[in-house]
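Below is one structure, written out as structure tokens, with a few remarks after it.
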């Protein structure tokens, strides 16, 4: 059976269970979603964890009854009378939104009825392996002025093994949650009350990690012919009006006035890069012009959607814009795809999913340009033999896009890289270059990020590695632990030698037992711990412990340095 049908049927069983337990509850909607389902309820008292257990127990009883799911077609007036009699006010609201004269309802035996297009399983007995997961608030239709409903999330699978594996993955995901790991390991924090939600403060370890990632970005972009630029954080409103962002993203912009002129705190970097391209007339010999910026942007996100590092109000993108001739377009798209795959491999991500998003309902530009842009992206992926899914109507307002989503150790997808093909903004800003015949020609513009938001990517890294970052990325690579207080001098000597070799080293001289200090360094997830005592000092060696492997025995310091250099070069 189609898993979405099974999950949607399970959502109906959950709604029936809730109505049987609390008959006064009003029903919202209950779709299947990725990995599960939810149903929205209007209930006076909040659902408790104990209530979820009661609902599950009632659901099992409904499943055991093996009730049939039966579809009926009704006139809208009949349906309105039905749901009016049941006092289901949200169903009546949904009916008013349906343009058709007839609607369908589904009965579960003779005990429950719901407004639904279906399809459903044949009977409740087919739904065997399910689990209710959590409760959250959700505005009706996602509109803040509407009533706040209670949304119960659940999941359902065809086999017990699939359900058990999923629940095990959920538990592992909780352990890896970057919102807990980041502050616990001293990488970052978000001071909601003091500074405001969605604003990230990087602590020393997090700042070092950011520097490592940023240095990698700069080196890799310069190797590929990109030129680094820096654009202002604030620009006049008229620039965003010209680009179209003001019309399409006004609700996500922070605006303010200076000397009676409206300014915008930049939500993206493209208009600034366009001005730099336009600062002089370009020749075809210069193309492609590739402008790269680690640009910090700000977006007015609602507090309800903020989520750790994944959804914030201020973040930095590895943003670049490629201005090229039409005949260079496909080659440049392929180069960006290669760049993405190479970077992801360096950071330890080897599995990715690709989506191609087409023209949305609200957009700018001609049909012809959209067709050319979409074809260029699609043909580039096909030329490289890459499989992809089509997302109809999910492109940017100025052009279609490729999204490359990385998959982490738990096979969860993270949106990072994107490539957007744009004929519209070069036309709006009257961008030109001189071709071989001396004619002024409009270039094509590619908007692209490789890692995307550095905040989001850092969150993905922490969860992928469960905080145990590989040596080359670890802000603190080595902890030197002297056995006794009198061994501190040798420990500091070891640190000096390792630091001189470019390694990041700490010495733990706290007044704690050796066992506790070693254990604390393991909790801090140092890749290597060096134990230094009298024996090591006399032989000028070090006792090495490797994360996940334990005691590696005594080594010469120079030999140890060479091992680590090799790992760092190979990004291990």
Exercise. On the given criteria, is residue 463 out of contact with any strand residue (DSSP E or B) (no Cβ under 6 Å at 6 or more places or on another chain) and within 30 Å of residue 373 (Cα to Cα)?
Worked result: no
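Across region 476-490, what is the number of residues that are over 19 Å from residue 570 (Cβ atoms) and either buried (at least 18 other Cβ atoms within 10 Å of the Cβ) or assigned by TED's automatic domain parsing to the domain that holds residue 206 (or both)?
Counting residues in region 476-490 that are over 19 Å from residue 570 (Cβ atoms) and either buried (at least 18 other Cβ atoms within 10 Å of the Cβ) or assigned by TED's automatic domain parsing to the domain that holds residue 206 (or both) gives 8.
Take region 266-295 and flag every residue that is part of a strand (DSSP E or B) and crowded, with 17+ Cβ neighbours inside 10 Å. Give the steps one after another, and end with the answer.
Taking region 266-295 and keeping what is part of a strand (DSSP E or B), we get 282-283, 289-295.
Answer for region 266-295, where residues must be part of a strand (DSSP E or B) and crowded, with 17+ Cβ neighbours inside 10 Å: 282, 289, 290, 291, 292, 293, 294, 295.
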Exercise. From 325, 279, 283, 303, which residue is more than 23 Å from residue 404 (Cβ to Cβ) and at pLDDT below 95?
Worked result: 303
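Determine whether residue 136 is in the same structural domain as residue 315 (by TED's automatic domain parsing) and either closer than 24 Å to residue 6 by Cα or under 21 Å from the mean Cα position of the chain (by Cα) (or both). Steps first, answer last, please.
Details: in the same structural domain as residue 315 (by TED's automatic domain parsing): no; either closer than 24 Å to residue 6 by Cα or under 21 Å from the mean Cα position of the chain (by Cα) (or both): yes.
No; evaluated as a whole, the condition is false for this residue.
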For this session: May I ask you to list the residues in region 246-261 that are surrounded by fewer than 17 Cβ atoms within 10 Å (Cβ to Cβ) and under 32 Å from the mean Cα position of the chain (by Cα)?
Result: 247, 250, 251, 252, 254, 255, 256
Exercise. Looking only at residues in region 536-564 that are closer than 15 Å to residue 522 by Cα and in contact (Cβ under 8 Å) with a residue 60 or more places away in the chain, which one is surrounded by the fewest Cβ atoms within 10 Å (Cβ to Cβ)?
Worked result: 548
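Residue-wise test of (1) part of a strand (DSSP E or B); (2) in contact with a helix residue (DSSP H, G or I) (Cβ under 7 Å, 6 or more places away or on another chain); (3) surrounded by fewer than 18 Cβ atoms within 10 Å (Cβ to Cβ); (4) outside the structural domain of residue 8 (by TED's automatic domain parsing).
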{"site": "20", "(1), (2), (3), (4)": "no, yes, yes, no"}
{"site": "24", "(1), (2), (3), (4)": "no, no, yes, no"}
{"site": "29", "(1), (2), (3), (4)": "no, no, no, no"}
{"site": "39", "(1), (2), (3), (4)": "yes, yes, no, no"}
{"site": "44", "(1), (2), (3), (4)": "no, no, yes, no"}
{"site": "47", "(1), (2), (3), (4)": "no, no, no, no"}
{"site": "51", "(1), (2), (3), (4)": "no, no, no, no"}
{"site": "55", "(1), (2), (3), (4)": "no, yes, no, no"}
{"site": "59", "(1), (2), (3), (4)": "no, yes, no, no"}
Exercise. Quick one: would you say residue 448 is outside any helix (DSSP H, G or I) and either buried (at least 23 other Cβ atoms within 10 Å of the Cβ) or out of contact with any helix residue (DSSP H, G or I) (no Cβ under 8 Å at 6 or more places or on another chain) (or both)?
Worked result: yes
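Would you mention how many residues in region 398-416 are farther than 18 Å from residue 341 by Cα and surrounded by fewer than 20 Cβ atoms within 10 Å (Cβ to Cβ)?
Let us first name the residues in region 398-416 that are farther than 18 Å from residue 341 by Cα, namely 398-400, 410.
Filter again for surrounded by fewer than 20 Cβ atoms within 10 Å (Cβ to Cβ), leaving 410.
Count: 1.
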Seminar exercise, completed: Residues of region 338-353 being in contact (Cβ under 8 Å) with a residue 60 or more places away in the chain and over 25 Å from residue 410 (Cβ atoms), in sequence order, are 339
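Could you identify the single residue in 109, 118, 137, 125 that is within 15 Å of residue 62 (Cβ to Cβ), surrounded by fewer than 20 Cβ atoms within 10 Å (Cβ to Cβ) and touching a strand residue (DSSP E or B) at 6+ places or on another chain (Cβ under 7 Å)? First the steps, then the outcome.
On the way: 118 fails: within 15 Å of residue 62 (Cβ to Cβ); 137 fails: within 15 Å of residue 62 (Cβ to Cβ); 125 fails: touching a strand residue (DSSP E or B) at 6+ places or on another chain (Cβ under 7 Å).
It is 109.
Only one residue in 356, 309, 329 is more than 19 Å from the chain's Cα centre (by Cα) and either touching a residue at least 40 places away in the same chain (Cβ under 8 Å) or in a loop (DSSP other than H, G, I, E, B) (or both). Which one?
Numbers: 356 fails: more than 19 Å from the chain's Cα centre (by Cα); 309 fails: more than 19 Å from the chain's Cα centre (by Cα).
On inspection, the qualifying residue turns out to be 329.
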For this session: Specify which of the listed residues (223, 218) is touching a residue at least 40 places away in the same chain (Cβ under 8 Å) and over 22 Å from the mean Cα position of the chain (by Cα).
Result: 218
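One line per residue, one yes/no per condition, for (1) more than 29 Å from residue 163 (Cβ to Cβ); (2) surrounded by 12 or more Cβ atoms within 10 Å (Cβ to Cβ):
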| site | (1), (2) |
| --- | --- |
| 62 | no, yes |
| 78 | yes, yes |
| 91 | yes, yes |
| 97 | yes, no |
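State the number of residues belonging to region 79-119 that are in a strand (DSSP E or B) and in contact with a helix residue (DSSP H, G or I) (Cβ under 8 Å, 6 or more places away or on another chain). Break it down stepwise before answering.
Quick first cut of region 79-119, residues in a strand (DSSP E or B) only: 102-108, 112-115.
Narrowing further to those that are in contact with a helix residue (DSSP H, G or I) (Cβ under 8 Å, 6 or more places away or on another chain): 102-103, 105-106, 108, 112-115.
Number satisfying all stated conditions: 9.
The values are calculated or read from the model by the stated rules, or taken from the named source; none is laboratory data. Because the structure is predicted, anything quoted here is derived from the model rather than measured. No Cβ is skipped: glycine too gets one built from the backbone with ideal geometry, and neighbour counts run over all protein chains shown.
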